[in-house]
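First up is the structure itself, then whatever we jot down about it.
Read-outs throughout are calculated quantities, based only on the coordinates presented, and are distinct from any laboratory measurement. None of the values given here were measured: they were computed from a predicted structure. Here the Cβ positions follow ideal geometry from the backbone for every residue, glycine too, while neighbour counts run over all protein chains shown.
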Amino acid sequence: MYNKALEYLGPCGINCQKCFAYSNGSIKNHSENLLKNLGNFDIYAKRFTELLNEPVFNKYSDFKEMLEYFASGNCKGCRKQECHLFKSCNIRNCHKEKSVDFCFQCKEFPCNNTGFDEHLRKRWQSINLRMKEIGPESYYNEIKDNPRY
């Protein structure tokens, strides 16, 4: 039916695979790879500040801290566990109660039961309208290489 869509898209339609918290996502994988490639750059960042007269290297520890955070993603996706980002999200439980794979399949869509702020609610509605138009698998193929943010 729509295997990739069910594997990577949450019931809301947002691509879990592109989330920084996703355990097997591109952000985590790229962050791990960059940390590995940078090795012991901490030492050089201090030296480059002086040698190159580039104060930006003073910020390396903050950059590394973000990379380490991104590399620590451990979420399995909204279909397998509670969302790590949107604690107020009601969609995971609702889709189970309504026995639908995606919100657009519910007879009450669009509803006011998402728990999302205005920005995310508009995005959620737009995503679901697009999935309704072209189908979840086509939607996934359309957005799979796009950044989530």
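Computed from the Cβ-Cβ distance with R0 of 35 Å, the FRET efficiency linking E118 to L34 stands at 0.55.
Taking Lys and Arg as +1 and Asp and Glu as -1, the other residues whose beta-carbon sits under 13 Å from that of G135 total -1. Placing +1 on the Cβ of every Lys and Arg and -1 on the Cβ of every Asp and Glu, with nothing else charged, gives the chain a dipole about its Cα centre of roughly 360 debye. For the pair N24 and Q81 in one chain, pulling the backbone fully straight at 0.36 nm per residue adds 19.1 nm over the alpha carbon distance.
Computed across the chain, the Kirkwood hydrodynamic radius from all distinct Cα-Cα pairs reaches 17.2 Å. Once each part is reduced to its C-alpha centroid, what is the distance from region 1-30 to region 100-149 in angstrom? Centre-to-centre (Cα) distance: 14 Å. With a Förster radius of 30 Å, plug the Cβ-Cβ distance of V56 and E7 into 1/(1 + (r/R0)^6) and report the FRET value to the nearest 0.05. Approximately 0.15, to the nearest 0.05.
Along the axis of the charge dipole computed for the chain (Cβ charges of +1 for Lys and Arg, -1 for Asp and Glu, origin at the Cα centre), the listed residues N112, A21, L52 are led at the positive end by N112.
The magnitude of the dipole of region 15-87, with charges of +1 and -1 set on the Cβ of Lys/Arg and Asp/Glu and taken from the Cα centre, is near 420 debye. Computed from the C-beta positions of S126 and S72 and an R0 of 25 Å, the FRET efficiency is 0.25 to the nearest 0.05.
Cross-link reach is defined here as a Cα-Cα straight distance under 16 Å, omitting same-chain residues fewer than 8 places apart; for K98 the aspartates and glutamates meeting it are E108.
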